[in-house]
Every structure is written in C-alpha cells, then in structure tokens.
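Notes follow once the structure below has been shown.
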Amino acid sequence: MPQWVKSHWPKYVEGCERVGRPASLRTGVSRSRFFVCEDEAVARRYATDPNGPYRYYYSQLLTKLMRGGRAIAFKTRPDQPDDEISLDAVCDKLVFWGSPNRVADQILAFREEIGDFGTLLIAGKDWKDRSSGGAT
C-alpha cells in the first residue's frame, strides 16, 4: 500500500546516514501490476476479471498474509480491523490499468501520495494464458 511504501524512504535515508553514504532517488520503487491498453474497456475487463491474473495474485497473497497475521501490508492504517480489508479494495489500490493517459495519471497520483521515488521498476510476472505465451 502506498502509505507503507512512503515509510521506506525515511528508513533508507537513516540507514545511508549511519554509514556515511548519500541517499539516492535512483533506488526507486517497484510495482508489479500494470495493464496498459488503448481500449479502456479491454483494460478494465482484463484488470478486474474475477478469474484474471491480478485478482488471483492478490487473492493468494491476501489469504496468506491474513492467515500469517501479516494483514497490515494491505491495511490503509495500522489500527484498521482485518475484516475491513477486501480483495476489491486491495486491487483497486494496487493495480494500475487503463489507457496510457489513465495509467500515467495513476502513476503521478502514486508519486504525489508517496513522494518522489526516482526509478519506477515494473516487475512483470503475470500470465493470463500460459499456452499462448502471452504475458502482460
């Protein structure tokens, strides 16, 4: 969640100061769920499909974190009750999808929320149809 990503920068700076090294924005942040398509309807369908890779990924991760007592990773505030966390809310916050302009707006809003982050690393690892070799 963005508020947790935002919390990384001060700790990084603190660590750099401890060892006498300058902090660098080149370290950036990583995101892993993007779907960019000129056709907004296609992007919406793919990104929000109940049987699609994004919901599958977050469903698996949310289930494991909840069972392991680590649901805080998906909370919007530390005191949020676990039963307020939903797969829909997680996907809405963490999956960037749409036209190039819409996704650019989402990235800019993310940057406004967490602060400047230098490089944005996109870790692509989603497969909708393994037999076709089509990765997203």
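The values are calculated or read from the model by the stated rules, or taken from the named source; none is laboratory data. Please read all numbers here as calculations on a predicted model, not as lab measurements. In this analysis, Cβ positions are derived from the backbone assuming ideal geometry, glycine residues included, and neighbour counts consider all displayed protein chains. The protein model used for the area step is the full one, side chains on, heavy atoms only, and it has no ligands, DNA or RNA in it. Shrake-Rupley method; radii C 1.70, N 1.55, O 1.52, S 1.80 Å.
Observations, loosely collected:
- Residue pairs meeting the criteria (Cβ under 7 Å; at least 6 apart or on separate chains; first among the polar types (S, T, N, Q), in segment 1-12; second not in a helix (DSSP H, G or I)): Q3/T76
- Only listed residue being under 12 Å from the mean Cα position of the chain (by Cα), open to solvent by less than 70 Å² (accessible area, probe 1.4 Å) and of a type in the set (S, T, Y), chosen from S32, S59, S24: S32
- All positions within segment 1-32 that are out of contact with any strand residue (DSSP E or B) (no Cβ under 8 Å at 6 or more places or on another chain) and hydroxyl-bearing (S, T, Y): S7, Y12, S24, T27
- Helices (runs of 4 or more DSSP H) contained entirely in segment 22-124, each with at least 1 residues that are in contact with a Phe, Trp or Tyr (Cβ under 7 Å, 6 or more places away or on another chain), at pLDDT below 90 and among the β-branched types (V, I, T): none
- Within the set E84, E38, the sole residue that is open to solvent by 80 Å² or more (accessible area, probe 1.4 Å), acidic (D, E) and in contact (Cβ under 8 Å) with a residue 40 or more places away in the chain turns out to be E38.
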